[in-house]
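Report on the structure given below.
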Amino acid sequence: MKYTAPTKTGYFGEYGGKFVPEILIPAIEELEIAYEETQNDPVFQKEYHDLLQEYVGRPTKLTYANRLTEHYRRGKIYLKREDLCHTGAHKINNAIGQLLLARKMGKSRIIAETGAGQHGVATATACAKFGFDCVIYMGAEDMERQKLNVDRMQLLGAEVREVTSGSQTLKDATNEAIRDWVTNVDDTFYIIGSVVGPHPYPMMTRNFHRVIGEETKDQLKKEEGRLPNYLLACVGGGSNAIGFFYPFLEDEDVKMIGIEAAGLGADTDQTAATLTKGTRGVLHGSLSYLLQSDEGQIQLAHSISAGLDYPGIGPEHSYLYDTNRVHYFGVTDSEAMAAVKLLSIKEGIIPAIETAHALAYLDKLMPITQKDDIVVVNCSGRGDKDMKTISEWFSEQK
Amino acid sequence: MIAQKTRIQSLFENKSDDEKIMSLFISAGYPDLESTVELILGFEVNGAELIELGMPFSDPLADGPTIQYASNTAISNGITMSKIFEMVREVRKSSEIPLILMGYINPILKYGVERFCKEAGESGVDGLIIPDAPVEESSIISKTADEYNLNLIYLVAPNSTNERMRLVDQHSNGFVYCVSVTGVTGAREGEEVAKSVERFIDRVKSNVTKNPKLVGFGIKSYEDAKVISKEVDGFIVGSALIDAIRKEYPKKGWKDKVFSFVRKLKFGKA
Ligand SMILES: Cc1ncc(COP(=O)(O)O)c(C=O)c1O
C-alpha cells in the first residue's frame, strides 16, 4: 500500500497539525516554504549529503551481532550503528539538516531543547561548524544526569540554559524553547530534536533521518540479499525509530516494533509509555497520544533514560500505532539496564540507555523468531554520556 | 452562524466611540478557589467591562512566568473544568458582565468539545480564546462553539501579515485580540510596548474592519493603556493584575488593594 502521510496540512491520519500561538504562524509558514524549496534543490541536497558523508561519517555500518545472535540461538541480529555518527547518536542527521535550512532562511540564532543532551550536542556541533549563536534549553534534572553532555555543549560554544519549571526534564525544556522562539521569532530558528512539534517539523525531522532506513535497506540487501523480518527501535519522541522505519513502511512483510520507556512499569505512574498508557491530546504544537490527567493536565513522565523521559510522542507514531502498521511495547528501567550490560559484554558496544530499551525487547522477540529470520536493531546512540547513571545503577545492584 | 447576540457583541455595539473597554484576565482558582467569583464581581464594580477567565494548563507555552505561576497555583488548589463552570454560574447569579474563557486546547479536548461548549454556553460564557488553536485548526471547535452561541476570538500579532489579519478578522466574532508585542505574556516596561505598537495598530486598523479590537500583552498601568488603546476599542490586562494579587495575597485586606489597583488601571486614580 502506498504510504503518503502527512497531508498538506500536516496530518498523519487524525494526528499532527499546527497547534501554535498566532505569533508562530508566520515562522511556520516561512519554514514550510523554505523546506519545500530545499526538496528540489540539488545544491542544498548535495551539501546536506556531503556533510553526512564527510562530517557525520555516513553511511554508518550495519554490524552483524554474532555473539548476541548466539546468545538467543534464534534469528540473526544486526545492529544499525547510529552510535558511530559524529557526536555519538543519530540526532546529528537532523541537526545538520535543520541548520542548513536556518542558514538558507537567513536566521542568525539557533535554539534547541535537549533531554539526553545528544540533540543539544549535535546542535551545538552544527552551530560551531557553521558559526551560529546557539542556546540549548535543558531540564535541571537532565543537566545532572547527563553532565558529560552539558560540558560538551559548553566546550562547543553553546549556552546551556537550565530549566527549573515543571518536571525539570525534556517536556519543560521544550516549553522554554518554544517561549524563546515566540519571543525572538524574527531572527531565531528552533531546531526541534525529534519528530514532534507543529507541522512541518514531524515530517521534516523524519525526512532528515530517513537515511538511516535507506542505508539499512541497501546494506542488508548486499549482505543478505533480502529485506529484514523485524525492525526494532526505541521511541522517545520517535525520530530514530521513524527514520529507520519509514523507508520500509510499504514493505508489508517487514514487521516493526517501537519500544517506549515503561520506567518502573507501564502499570505504575512512574512511566513514559505514552502509547501504552496515554490518550489523545495536544502537546507542543501537535495532536498525538500523551500522558495526561482526567482534567487534561500533562503528567510527568518517568524513565531512567533522559532521552525517553517525555509524556508525548510524535504524531506519526500515533498514526502507525492506530493503524497497527507498527507495534509498540514498553520496557522498564531495569530491563533496559540489563540490556546495557548484555550488549557491552557480548558485542563490545556500550549502548545509550535509550537504545538499550530497544535491545531489551530482544528477550521477548527472539524466542518467537525462526533461525533464518533477520532482526535489525537501530543502535541509536552510544553510552558514554550515561556512564555515571550506569555505574551508580550497577553499584546499587551489588 | 451565531444566532443570538452575545454579551460581548452587545457591549461593543453600545459603547461610544471614545470609550475604552477594560478587559481583565484572571486564572480561575488563583490565588485560591474561593476568591475567583468575588474577584470577578469586584473587578466589574471597580471598572472592568469584560472578564477573561483563564482555564489553567500545566504547560502554558505562550505564557511568561507570572501566568505560569498563577496556573500552577490554581492547579495545586484543585481547579477543574467543572469548578470553572460552577464559578461562571455563580457570577451569573448577580452579573451580566461579558465573560470569556481563555485557555489551551488540550483540557478542552480532554473534557470533550461538545460537552465543554454545551456547559460553557449554558453556564453563561460568551466567548472563547484558545491561543494554541489558530484559524488553521479552528475546525476542531468552531462549529460546536457556534452551536452554543460562543464567540471565538482569534489573535493578531505584530508579525502577522496584512492578509493574515484579514483572515483572522473574518473568523473572529466578538472582537479581535491584538497582541502588542511578539513574545509571551507578562508585564513589560512601558517603552518596550509603546515602541513598535504604533505601526502595528495602523495595520490592524486597516485590515481588521469587521470586529472591534482590544490590545493586550505587557500593559501594566493606566498610562500604558491610554497610549496603547488610543486608536482601538480598549485594552486587556492580565499579568500585571496577577502580579498585583501576588504582592498582596494573603495579607489582610488584599482584595481591597487589588480593587484599588483595578480602579487605577481604569481611571488613573484609586
Ligand atoms: C541515543 C538516543 N536514542 C534515542 C533517543 C530518543 O529520541 P527519539 O525517539 O527522537 O529517537 C535519544 C534522545 O535523546 C537518544 O539520545
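The values are calculated or read from the model by the stated rules, or taken from the named source; none is laboratory data. In this text the structure is predicted, and so the values were computed from the model without any measurement. All Cβ positions, glycine included, derive from the backbone under ideal geometry; neighbour counts span all protein chains shown. Please note that ligands, DNA and RNA were not included when accessible areas were found on the heavy atoms of the full protein model with its side chains. Shrake-Rupley method; radii C 1.70, N 1.55, O 1.52, S 1.80 Å.
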Would you check which residues across region A:10-22 are assigned to a loop (DSSP other than H, G, I, E, B) and under 14 Å from residue A:319 (Cβ atoms) and list them? A:10, A:13, A:14, A:17
How many residues of region A:313-322 are of a type in the set (Gly, Ala, Ser) and either without any contact (Cβ under 8 Å) to a residue 24 or more places away in the chain or away from the ligand (no atom under 11 Å from the Cβ) (or both)? The answer is 1
Of all residues making up region B:196-234, the number that are assigned to a strand (DSSP E or B) and open to solvent by 10 Å² or more (accessible area, probe 1.4 Å): 1
Only one of B:133, B:120, B:157, B:145 that is hydrophobic (A, V, I, L, M, F, W, C) and closer than 28 Å to residue B:226 by Cα: B:157
Checked region B:111-121 for anything farther than 13 Å from residue B:99 by Cβ and of a type outside the set (Val, Ile, Thr); matches are B:111, B:112, B:114, B:115, B:116, B:117, B:118, B:119
If I filter region B:137-160 for residues that are at positive phi, in a loop (DSSP other than H, G, I, E, B) and touching a residue at least 24 places away in the same chain (Cβ under 8 Å), do I get at least one hit? yes
Given (1) farther than 30 Å from residue B:81 by Cα; (2) among the acidic types (Asp, Glu); (3) within 12 Å of chain A (Cβ to nearest Cβ); (4) in contact with a Gly (Cβ under 6 Å, 6 or more places away or on another chain), where does residue B:163 come up short, assuming only one miss? (4)
Criterion (within 24 Å of residue A:13 (Cα to Cα) and part of a strand (DSSP E or B)) met by exactly one of A:296, A:281: A:281
Given (1) within 14 Å of chain A (Cβ to nearest Cβ); (2) among the acidic types (Asp, Glu); (3) farther than 26 Å from residue B:220 by Cα, where does residue B:90 come up short, assuming only one miss? (1)
Select from region A:341-368 the residues that are acidic (Asp, Glu) and touching a strand residue (DSSP E or B) at 6+ places or on another chain (Cβ under 8 Å) and list them in ascending order. A:347, A:354
Those residues of region B:61-82 which are under 20 Å from residue B:220 (Cβ atoms) and either at the interface with another protein chain (Cβ under 8 Å from one of its Cβ atoms) or in contact (Cβ under 8 Å) with a residue 60 or more places away in the chain (or both), in sequence order: B:62, B:63, B:64, B:65, B:66, B:67, B:68, B:69, B:70
The condition from (1) within 14 Å of the ligand (Cβ to nearest atom); (2) open to solvent by 10 Å² or more (accessible area, probe 1.4 Å); (3) out of contact with any strand residue (DSSP E or B) (no Cβ under 8 Å at 6 or more places or on another chain) that residue A:118 misses is numbered (3)
Return yes when residue B:36 is more than 9 Å from chain A (Cβ to nearest Cβ), more than 29 Å from residue B:11 (Cα to Cα) and out of contact with any strand residue (DSSP E or B) (no Cβ under 6 Å at 6 or more places or on another chain) and no when it is not. no
Of the residues in region B:105-130, how many are farther than 26 Å from residue B:15 by Cα and within 11 Å of another protein chain (Cβ to nearest Cβ)? 9
Looking at region A:364-390, which of its residues are outside any helix (DSSP H, G or I) and near the ligand (Cβ under 9 Å from one of its atoms)? A:378, A:379, A:380, A:381, A:382, A:383
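In the list A:86, A:90, which residue meets the criterion of being within 13 Å of the ligand (Cβ to nearest atom) and of a type outside the set (Ser, Thr, Tyr)? Outline the logic, then answer.
Working: A:86 fails: within 13 Å of the ligand (Cβ to nearest atom).
Answer to the check: A:90.
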Quick check, is residue B:102 under 20 Å from the mean Cα position of the chain (by Cα), more than 12 Å from every other protein chain (Cβ to nearest Cβ) and of a type in the set (A, V, I, L, M, F, W, C)? yes
Failed item, numbered, when residue A:22 is tested on (1) open to solvent by 10 Å² or more (accessible area, probe 1.4 Å); (2) away from chain B (no Cβ under 14 Å); (3) in contact with a Pro (Cβ under 9 Å, 6 or more places away or on another chain): (2)
Of (1) among the β-branched types (Val, Ile, Thr); (2) open to solvent by less than 20 Å² (accessible area, probe 1.4 Å); (3) more than 14 Å from chain B (Cβ to nearest Cβ); (4) touching a strand residue (DSSP E or B) at 6+ places or on another chain (Cβ under 6 Å), residue A:298 satisfies all except one. Which? (3)
Consider only pairs whose beta carbons are under 9 Å apart and that are at least six residues apart or on different chains; among these, list those whose first residue lies in region B:31-50 and is on the phi > 0 side of the Ramachandran plot and whose second residue is part of a helix (DSSP H, G or I) and open to solvent by less than 10 Å² (accessible area, probe 1.4 Å). B:47/B:262; B:47/B:265
If a residue must be in a helix (DSSP H, G or I), open to solvent by less than 10 Å² (accessible area, probe 1.4 Å) and over 16 Å from residue B:49 (Cβ atoms), how many such residues does region B:88-106 contain? 3
Take region B:131-148 and flag every residue that is surrounded by fewer than 22 Cβ atoms within 10 Å (Cβ to Cβ), more than 12 Å from chain A (Cβ to nearest Cβ) and within 26 Å of residue B:204 (Cβ to Cβ). B:142, B:146
Condition (residue is open to solvent by 10 Å² or more (accessible area, probe 1.4 Å) and either touching a helix residue (DSSP H, G or I) at 6+ places or on another chain (Cβ under 7 Å) or outside any helix (DSSP H, G or I) (or both)) applied to region B:68-76: is it met by at least one residue? no
Can you tell me which of (1) at pLDDT below 95; (2) away from the ligand (no atom under 13 Å from the Cβ) is the one residue A:306 doesn't meet? (2)
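May I ask you to verify whether residue B:151 is open to solvent by less than 40 Å² (accessible area, probe 1.4 Å) and within 11 Å of chain A (Cβ to nearest Cβ)?
No.
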